[in-house]
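Worksheet: one structure, shown below.
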Amino acid sequence: VTDANTLLTTGGNIAITGNNLSTMGGGNRGAAITSSAHVVAMGAGTITVTGQGGHEGDGLHVHGGALVQSGTGLITLSGTSGDGIGTNWDWGVEVGDAGTLVNSGGGLTISGISTSTDGSYSNYGLFVRTGAQLTTTAGLMTLNGAKGAGATSDAVRLSGTPAGGVVNAAGGLAVNGT
């Protein structure tokens, strides 16, 4: 979902799945919500976004001023990087850039897995950075990450200081990393 497009339901669920099968090149993302796109489930609707990256590709990107928001429904974001053999970082899930917001009134779970075996780069499972915000007004926020190879890789990495902080979890916060 890109270029200020909007997916909106007024009580129904939204499910987005991306599976990149590319075996060459770089930057082969599984799924992306970018460039001020909005994915909104009003009422009790849930949002589920899943991405599987291809060769040297991240699983899921939510960035560039994107909005993912639910009323009282759960938001679940998950991504697994591609093979990570080459010259790129390989992240499971990246949520980044000022103005990017993931906001849930019913709980939020984000799970990222980097499967990279290239130890030359930072291969994060879940990377929240550069002004992006994660918020819940109710329900538990759970951040899960599994890092790829590399001494500078992290399972869950939070970076940046927007107004209000990177994470605002009114219903509790659990962070799990391997």
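The values are calculated or read from the model by the stated rules, or taken from the named source; none is laboratory data. On a predicted model such as this, the values are computed, not experimentally measured, just so you know. Every residue, glycine among them, receives a Cβ derived from its backbone with ideal geometry; neighbour counts consider all protein chains shown. Ligands, DNA and RNA are excluded from the accessible area calculation, which covers all protein heavy atoms including side chains. Shrake-Rupley method; radii C 1.70, N 1.55, O 1.52, S 1.80 Å.
Is it fair to say residue 154 is part of a loop (DSSP other than H, G, I, E, B), acidic (Asp, Glu) and open to solvent by less than 40 Å² (accessible area, probe 1.4 Å)?
Taking the combined requirement at face value, the residue does not satisfy it.
Please give the number of the condition residue 88 fails out of (1) under 25 Å from residue 54 (Cα atoms); (2) at pLDDT 95 or above.
Status for residue 88: all satisfied but (2).
Would you check if there is a residue in the range 40-53 being under 27 Å from residue 149 (Cβ atoms), surrounded by fewer than 20 Cβ atoms within 10 Å (Cβ to Cβ) and in contact with an Asp or Glu (Cβ under 8 Å, 6 or more places away or on another chain)?
No, the range 40-53 contains no residue that is under 27 Å from residue 149 (Cβ atoms), surrounded by fewer than 20 Cβ atoms within 10 Å (Cβ to Cβ) and in contact with an Asp or Glu (Cβ under 8 Å, 6 or more places away or on another chain).
If you take the residues of the range 91-103 that are over 16 Å from residue 75 (Cβ atoms) and over 9 Å from the mean Cα position of the chain (by Cα), which of them is most open to solvent (accessible area, probe 1.4 Å)?
Only one residue tops the list, namely 98.
Report, by residue number, each residue of the range 10-39 that is open to solvent by less than 30 Å² (accessible area, probe 1.4 Å) and either on the phi > 0 side of the Ramachandran plot or part of a strand (DSSP E or B) (or both).
14, 18, 31, 33, 39, listed by residue number.
Mind checking which pairs have a first residue in the range 9-20 that is within 26 Å of residue 80 (Cα to Cα) and a second that is assigned to a strand (DSSP E or B) and open to solvent by 100 Å² or more (accessible area, probe 1.4 Å), Cβ under 9 Å, 6 or more apart or different chains?
Hits for this filter: 14/8.
Taking only the range 5-39 into account, find how many residues are in contact with a Leu (Cβ under 7 Å, 6 or more places away or on another chain) and of a type in the set (Val, Ile, Thr).
So the answer is 2.
Restricting to the range 104-121, name every residue that is closer than 27 Å to residue 137 by Cα and either open to solvent by 30 Å² or more (accessible area, probe 1.4 Å) or part of a loop (DSSP other than H, G, I, E, B) (or both).
105, 106, 107, 109, 111, 113
How about the range 69-90: which of its residues are among the small types (Gly, Ala, Ser), open to solvent by less than 10 Å² (accessible area, probe 1.4 Å) and outside any strand (DSSP E or B)?
Hits for the range 69-90 are 73, 81, 82, 84.
Of all residues in the range 136-145, which are surrounded by fewer than 21 Cβ atoms within 10 Å (Cβ to Cβ) and among the small types (Gly, Ala, Ser)?
Selection gives 138 alone.
Surrounded by fewer than 18 Cβ atoms within 10 Å (Cβ to Cβ) and touching a residue at least 60 places away in the same chain (Cβ under 8 Å): is that true of residue 148 in this structure?
Spelling it out, it is not the case that residue 148 is surrounded by fewer than 18 Cβ atoms within 10 Å (Cβ to Cβ) and touching a residue at least 60 places away in the same chain (Cβ under 8 Å).
With the requirement that a residue be assigned to a loop (DSSP other than H, G, I, E, B) and open to solvent by 10 Å² or more (accessible area, probe 1.4 Å), what does the range 54-68 give you?
55, 56, 58, 64, 65
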